[in-house]
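Computed from the coordinates by the stated procedures, all read-outs in this text should not be read as laboratory data. Remember, it's a predicted structure, so these values are computed and weren't measured experimentally. Here the Cβ positions follow ideal geometry from the backbone for every residue, glycine too, while neighbour counts run over all protein chains shown.
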Amino acid sequence: MAEEKSARDQLVKEVMGLAVDDILALCYSFQHTGASHRSTDRLRLYVDVLRRRGGQRAQFASCLICFDLARQGETSFQTEYALLADTMRTLASNEGFVSSLIGEDPYLSFVWELCEAQLEEMDPRLEGEALLDQTPGLTDLGEVETLVTFDLLSDDDFVDDFDITIENASMWREFDEAVERFLGGTVGVPVYDPASGFRLHNSRDIERLEQFIQPLDSLREFVPLARGFRAIALLFYGTHLRSKSLFGTLNPRKQALLQAGLEEFIQSAEDVWRVAGVFGQLHAAPDAWYRIVDVIADFVAWKASDPANMDKPASEYQAVERLLERQPALMKNRRAGPRD
């Protein structure tokens, strides 16, 4: 066991010193050598390393590997890819950028072609007008002048020991900065952008939300509050997507977001309540918390409706179907006026 950990640590140190292009090529070197039995473990490691590298090249590479793991049946990465799809679509709009990373490697080209096809099939990013039509109660706060961006952890955040603990100050710093940027502020400065936070008006707000969720995925094992924010961010995102696709079928991405948010809530309910105060007028739209509580309350009701449901995971809760059933009552309540 100690020898295996030592080998992993040594591999991490070696990979950290490589350029993003080289890491991406290294990910699939097993395809040329036939050593595929360890590929999944290595891909997971490379994703972790890339997520701690700054810049769009590392972000694109980590998203592509995430897709490849998802298509190979890795459940956790299937959920993650559903959350990262719009980010991937934005990065992929620069064809020259993609070509410089993919190169002429046949397997990388194969994976990217599959990824492109999947992106085309998924629910496209909501435009502001379409979203506002589905979001009664939201006020028009106008365009955000500066797009909030967030680079993943950089190489400087690595320590010699790969087993980072919760006491690691750099992880907490990254978490604080991620939260403040999402809320439209700066750490230590009590001034916030009134159009940021838990408000969703257009595609740029969606990108801002996805850029907030991604570091939370990496930090949740080290910073408990990241779990609370991750749960409410996933639920907030899910409640603001269309319930049905253009062709009338249930939206699987909305389903995955809500189920992932509820699963995180089950594991981290105490952390959710510790951060729930952020849903005040300063940081959230008037009905943002109401939407989240409605889903949680119905999930609890579903659990209580049948003893057999008590031990079922959130992945068996038909969130979108039940939401559509409750929609008339929800719309009636929203039209009734302000709530306490």
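Things to note:
- Counting every other Cβ atom within 10 Å of each residue's Cβ, PHE77, PHE236 order from fewest to most as PHE77, PHE236.
- Segment THR40..GLU113, full-extension length gain: 24.3 nm, with 0.36 nm per residue of separation and the alpha-carbon distance subtracted.
- Cut-off under 5 Å, modelled amide H: who pairs with PHE198 long-range: ALA284, ALA285
- Each label was represented as a point 7 Å from its Cα along the Cα-to-Cβ direction; for ARG173 and LYS303 these points are 3.8 nm apart.
- Per-residue Cβ neighbour rank within 10 angstrom, fewest leading, ILE266, ILE213, ILE296: ILE266, ILE296, ILE213
- Sequence of VAL275, VAL98 once ranked by neighbouring C-beta atoms within 10 Å, starting from the fewest: VAL98, VAL275
- If R0 is 35 Å, the Cβ-Cβ spacing of ASP311 and MET16 corresponds to a FRET efficiency of close to 0.25.
- Backbone N under 16 Å from the ARG326 label point (7 Å along Cα→Cβ), restricted to the range 272-288: 287-288
- Kirkwood-based Rg to Rh ratio, the range 195-332, C-alpha trace: 0.95
- Net length gained if the chain between THR186 and ARG274 were fully extended (0.36 nm per residue, minus Cα distance): 29.6 nm
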